[in-house]
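Engineer: Submitted below is the structure of interest, expressed as structure tokens.
The values are calculated or read from the model by the stated rules, or taken from the named source; none is laboratory data. Please read all numbers here as calculations on a predicted model, not as lab measurements. FYI the Cβ positions are ideal-geometry reconstructions off the backbone, even for glycines, and counts take in every protein chain you see.
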Amino acid sequence: MNDREIVNLYWQRSEQAITETEQKYGRYCHIIAYNILENTEDSEECVNDTWMSAWNAMPDKRPKRLGPFLARITRNFALTKIVRRTAKKRGGGEAELALEELDECLADRYDLEKEIEDRELSRAIDAFVGSLPEEEQLVFVSRYWFVATEREIAEKLGMSRSGVSAMLKRTRSKLKTYLMMEGLCTNRNE
Amino acid sequence: MYKSERMMKAIGDISDDKIEKASRALGYQKARRQTSRIPIRMGRLLSIAAVLALILALGAVAYAANLFGLRELYANPNRGDMPEDAADLIVSQSAEAEGEGWSASVQETYCDEGTVLVAVHVSADASYIVVPTDADLDSPLSVIGLSGKETLREYAQEEGKTLLFVGANLDWEALGLHSAGERFENASLQEMTIYVEGARGSSAAAPVDTVCTVVAVAWSPEAQDANTIVPERRELPITLVEGKSTPLGLYAPADPHTLPGFELGELSLTQTPLGIELRLKMKMLDEESARHLLTLRLEGVEFHGAGSIDPNGYAVFSQGQGDFGDSPVIRFIDWDKNTLAEVAFEKFG
């Protein structure tokens, strides 16, 4: 069943929509959640929350691409969980590691929160990622969107782990400079 | 909220195609049937090559006795003078904005189907040294047109002044831009002209009332220590009037499959006031082969504007000068500067 047909089922309030979604995107969303949470039970909970959220969102929403639509929901649920978990005990997992790596891209005290809306940061990052060479873009999105490990990225993209690590470091540095130039980072010389 | 959490949230909003591409690369989703979409990498390759060429063409920064306008952007041995037809289309602007101890004003704009140019003047009070945003604290003084071995940071400390990093940008979406660059000219320590040059894509909408955004960041050691460095953003409203363009012809490739990895489509050549604009439909057939392509050359024509492949799968190059003859020939160049393919085109419209 294609995405449009599945979305139509949601709009018709047919519970078959959940079944079809689970069949087509269950594994995909589970991987996304598991990459972040590293826990099967929590991941399953996230995926179930995703179906519920999709059920509540359609209608009114009619996503053109169901995959990314569901993936975003799953990722948001998983990140929310991990942030709560991190608040209790920081460190240890892959998501925490990804969070720490990204810390360097914004200045210590990010004074712009009141002045610049989050969507501007999102827009800037989307433009930045779009400007990267394809391989670098894949590595960045794999690491920071899908929270894949450096090892997995290296295996899937046919690179060495050190190559992935070095590329991510360079990309973070470029992102920091880019955000500075966009006026979204306050400190030029950390 | 941790700043990294904020970053993760922002990264979560990247566009669907980037998510899908990475998920396929990771094997999370089955690969889809290849579409005609040109990969982003391809666009960037051409874009980077063209922007590098643009930067080279712009030449070195030097102090002058007065602030500059758009004509001065072209007063360069590598670029030649701005064509008179284009110079006639320069529009004086009056938008001004003030920041904390500095001000910015849009002086002139130019717009045609392929290019948008904006000249912004920035001036600051005597406590500042105005510097380009593409510089950093350890950049040499030459970036603001001065000689000396000190870095910007050292010079500012010697002079007891604050560095004011300033840049400008355009609304990419409203103007249909696929690439843009800035050039900075200091006229004094407190005065600078910023040229913003945007290249428009094949899906560019008609120009509208838009804004030029100026961002200024004041840096001093004290402010850094106190973590009080905050960018100031000012939006300057501008109205762009698009200059007329004349179609030169529509051409079809003699063999659409000569270039490995692509099916070539219609070539459109247009005369804009700034020169020849090239638009070539390129349908990607094989991503691996396509990766070898760096850029393209239209025989007999040299392009001075930025070039790229826009999201609709068109190669777009602008501001070409020269003569391509009756049957245009395009050479496709790989990363080693070798010719991948040479394709002749024949007029059909």
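Engineer: Taking the condition under 22 Å from the mean Cα position of the chain (by Cα) and under 23 Å from residue A:131 (Cβ atoms), does residue B:298 pass?
Structural biologist: no
Engineer: Inspect all residues belonging to the range B:145-166 and state whether any of them is crowded, with 17+ Cβ neighbours inside 10 Å and at pLDDT below 85.
Structural biologist: Yes, there is a match, as at least one residue in the range B:145-166 is crowded, with 17+ Cβ neighbours inside 10 Å and at pLDDT below 85.
Engineer: Tell me which residues, restricted to the range B:230-248, are more than 14 Å from chain A (Cβ to nearest Cβ) and surrounded by 15 or more Cβ atoms within 10 Å (Cβ to Cβ).
Structural biologist: Listed by number, the residues that qualify are B:236, B:238, B:240, B:242, B:243, B:245, B:248.
Engineer: Out of all the residues in the range A:62-71, is one or more within 19 Å of residue B:16 (Cβ to Cβ), exposed (fewer than 13 other Cβ atoms within 10 Å of the Cβ) and within 13 Å of chain B (Cβ to nearest Cβ)?
Structural biologist: Yes.
Engineer: Filter the range B:317-347 down to the residues that are part of a loop (DSSP other than H, G, I, E, B), farther than 25 Å from residue B:200 by Cα and in contact with a Phe, Trp or Tyr (Cβ under 9 Å, 6 or more places away or on another chain) and list them by number.
Structural biologist: Correct list: B:327 only.
Engineer: Also: Scan the range B:103-147 for residues that are among the acidic types (Asp, Glu), out of contact with any Pro (no Cβ under 7 Å at 6 or more places or on another chain) and touching a residue at least 24 places away in the same chain (Cβ under 8 Å) and report the count.
Structural biologist: Of the residues in the range B:103-147, 4 are among the acidic types (Asp, Glu), out of contact with any Pro (no Cβ under 7 Å at 6 or more places or on another chain) and touching a residue at least 24 places away in the same chain (Cβ under 8 Å).
Engineer: I'd like the residue in the range A:11-32 that is among the charged types (D, E, K, R) and within 14 Å of chain B (Cβ to nearest Cβ) and, out of all such residues, is nearest to residue A:80 (Cα to Cα).
Structural biologist: A:27
Engineer: Being more than 29 Å from residue A:1 (Cα to Cα), in a helix (DSSP H, G or I) and of a type in the set (D, E, K, R) is the filter here; which residues of the range A:37-89 pass it?
Structural biologist: Across the range A:37-89, the qualifying residues are A:81, A:84, A:85, A:88.
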